[in-house]
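Visitor: Sharing a structure with you now.
The values are calculated or read from the model by the stated rules, or taken from the named source; none is laboratory data. Quick caveat, the model's predicted, so the values are computed rather than measured. Positions of Cβ are generated from backbone atoms using ideal geometry, with glycine treated the same way; all protein chains shown enter the neighbour counts. With ligands, DNA and RNA removed, areas are computed over all heavy atoms of the protein, side chains included. Shrake-Rupley method; radii C 1.70, N 1.55, O 1.52, S 1.80 Å.
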Amino acid sequence: MRAILAGGGTGGHVIPALAIAQELQKTYSAEVLFIGTARGIENRLVPAAGFRLQLIEVGALNRVSLATRLKTMAGLPLSVLAARRMLSEFQPDVVIGVGGYASGPAMLAAILKGIPTLAFEPNVVPGFANRVVARWVSAAAVHFEETAKYFRHARVTGVPVRPAFFEIFKPAVPGGKPTLLVFGGSQGAHAINQAMMQCLPELLKRSPEIHIIHQTGERDYNDALAAYQRAGADAEVFRFINDMPLFFARADLVLCRSGASTVAEIAAAGKPAIFVPFPRAADDHQRVNAQALERAGAAVLLEETKLSEVWLVDTISTLLEDRPRLRRMSEAARGLAHPNAAREIAEMAAELAGVEEMASGAE
């Protein structure tokens, strides 16, 4: 079996794609090629994982100026031709689009060549690349039931998440020290960091026993560390957390953004969350993701415009003081988890390619 995974840009696209590629390799002895762009995180993560990566040039179309959009449109035929050449050389049995800049041209090239295509969509509302090809793809693997309406032959598979997140589910323990985990992605979230620093004195008055674990990113680390020290808070402050599942396991409540991978990790770990969507995310997808978990009773959505001291302190303290509600939120979150996502997506790709599971993969 030969498979191409196309797309990338951010970890939210690339990390699930790598999990799919590893499952294809393990279960179907697949030969895998990634197609990305020169500016995406795939340039670091894909070769490090041992997979081949080829690059095409393609610009942005969504949430950009008219001039940039026109430039991208003018160059799009060349991007599709470049992807088509890569497909002709590699001769894939299936092309999987994971969203991001390179996904659109590669998927269009595959559709034009009559190669089976599988769209992977982790957000409630499909990203721009997947919306463009939605009506022509052979099938789609989606995270949310409400996303299925955008595609033909869609299946709810969830988002591939590291197994460690599924192994740490622990409801809040009555009488334990309430622990809040705060993060905003590998680079941190400046708005969340600032809000936490500003609300600390009032938060400690309201919840004096609180223990806070905060990943700030590089930019705000020194200021945040100083703020926690001035306030006399019981806190652990990090620029970056390498073993995030370990810290998830210690948390009773998580305050974070609501990108697709984070939402999937929250569900896998069964953790109650306060989501602060990034307001400038493409198609406002983070807010829609957060709303989906809020409707399920697994999370609370707090708009960035409401990250004032009063709103943030009240939201955190009210939840930490209500242990039965935290347990209900944990159960609701865990009910949205998909522990077999990578395997199910790989199965869909193999079905499209007409390939059966290799004997070695079943050992």
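Visitor: I'd like the full set of residues that are in contact with a helix residue (DSSP H, G or I) (Cβ under 7 Å, 6 or more places away or on another chain) and either at positive phi or in a helix (DSSP H, G or I) (or both), limited to the range 22-42.
Guide: Listed by number, the residues that qualify are Glu23, Leu24, Lys26, Thr27, Tyr28, Ser29, Glu42.
Visitor: Something else: Residue check: is Val313 more than 26 Å from Gly127 (Cβ to Cβ), hydrophobic (A, V, I, L, M, F, W, C) and part of a strand (DSSP E or B)?
Guide: no
Visitor: What are the residues in the range 298-310 that are crowded, with 21+ Cβ neighbours inside 10 Å and part of a helix (DSSP H, G or I), if any?
Guide: Hits for the range 298-310: nothing passes.
Visitor: Considering only residues that are in contact with a Lys or Arg (Cβ under 7 Å, 6 or more places away or on another chain), surrounded by 14 or more Cβ atoms within 10 Å (Cβ to Cβ) and at pLDDT below 95, which ones fall in the range 170-193?
Guide: Selection gives Pro171, Ala172, Gly184, Gly185, Gly188, Ala189.
Visitor: Out of the residues in the range 263-277 that are of a type outside the set (Asp, Glu) and assigned to a helix (DSSP H, G or I), state the one that is surrounded by the most Cβ atoms within 10 Å (Cβ to Cβ).
Guide: So the residue we want is Val263.
Visitor: Given the residues Ala332, Ala353, Ala342, which is the only one that is open to solvent by 10 Å² or more (accessible area, probe 1.4 Å) and over 24 Å from Ile168 (Cβ atoms)?
Guide: Only one candidate passes the filter, namely Ala353.
Visitor: Please count how many residues of the range 203-236 are crowded, with 16+ Cβ neighbours inside 10 Å and in a loop (DSSP other than H, G, I, E, B).
Guide: Of the residues in the range 203-236, 6 are crowded, with 16+ Cβ neighbours inside 10 Å and in a loop (DSSP other than H, G, I, E, B).
Visitor: Right, something else. If I go through the range 120-143 residue by residue, how many of them are within 20 Å of the chain's Cα centre (by Cα) and open to solvent by 40 Å² or more (accessible area, probe 1.4 Å)?
Guide: 2
Visitor: Can you go through Arg280, Arg239, Arg295, Arg323 and tell me which one is at pLDDT 95 or above, surrounded by fewer than 20 Cβ atoms within 10 Å (Cβ to Cβ) and of a type in the set (D, E, K, R)?
Guide: So the residue among Arg280, Arg239, Arg295, Arg323 that is at pLDDT 95 or above, surrounded by fewer than 20 Cβ atoms within 10 Å (Cβ to Cβ) and of a type in the set (D, E, K, R) is Arg295.
Visitor: Can you name the condition, by its number, that Met196 falls short on among (1) at pLDDT 95 or above; (2) open to solvent by 50 Å² or more (accessible area, probe 1.4 Å)?
Guide: Of (1) at pLDDT 95 or above; (2) open to solvent by 50 Å² or more (accessible area, probe 1.4 Å), only one is false for Met196: (2).
Visitor: Give the residues of the range 113-148 that are part of a helix (DSSP H, G or I) and basic (Lys, Arg), sorted by residue number.
Guide: Listed by number, the residues that qualify are Lys113, Arg131.
Visitor: Still on this structure, I have one more. Sort out which residues of the range 52-82 are at pLDDT 85 or above and within 25 Å of the chain's Cα centre (by Cα), and write them in order of number.
Guide: The answer is Arg52, Leu53, Gln54, Leu55, Ile56, Glu57.
Visitor: Another question, then. Every residue in the range 144-169 that is among the aromatic types (Phe, Trp, Tyr), crowded, with 20+ Cβ neighbours inside 10 Å and under 17 Å from the mean Cα position of the chain (by Cα), please.
Guide: Phe144, Phe165
Visitor: Scan the range 85-108 residue by residue and report those that are hydroxyl-bearing (Ser, Thr, Tyr) and either open to solvent by 10 Å² or more (accessible area, probe 1.4 Å) or more than 15 Å from Leu53 (Cβ to Cβ) (or both).
Guide: Ser88, Tyr101, listed by residue number.
Visitor: As an exercise: evaluate Ala290 against (1) open to solvent by 30 Å² or more (accessible area, probe 1.4 Å); (2) closer than 28 Å to Pro163 by Cα; (3) assigned to a helix (DSSP H, G or I) and give the number of the one condition it does not meet.
Guide: (1)
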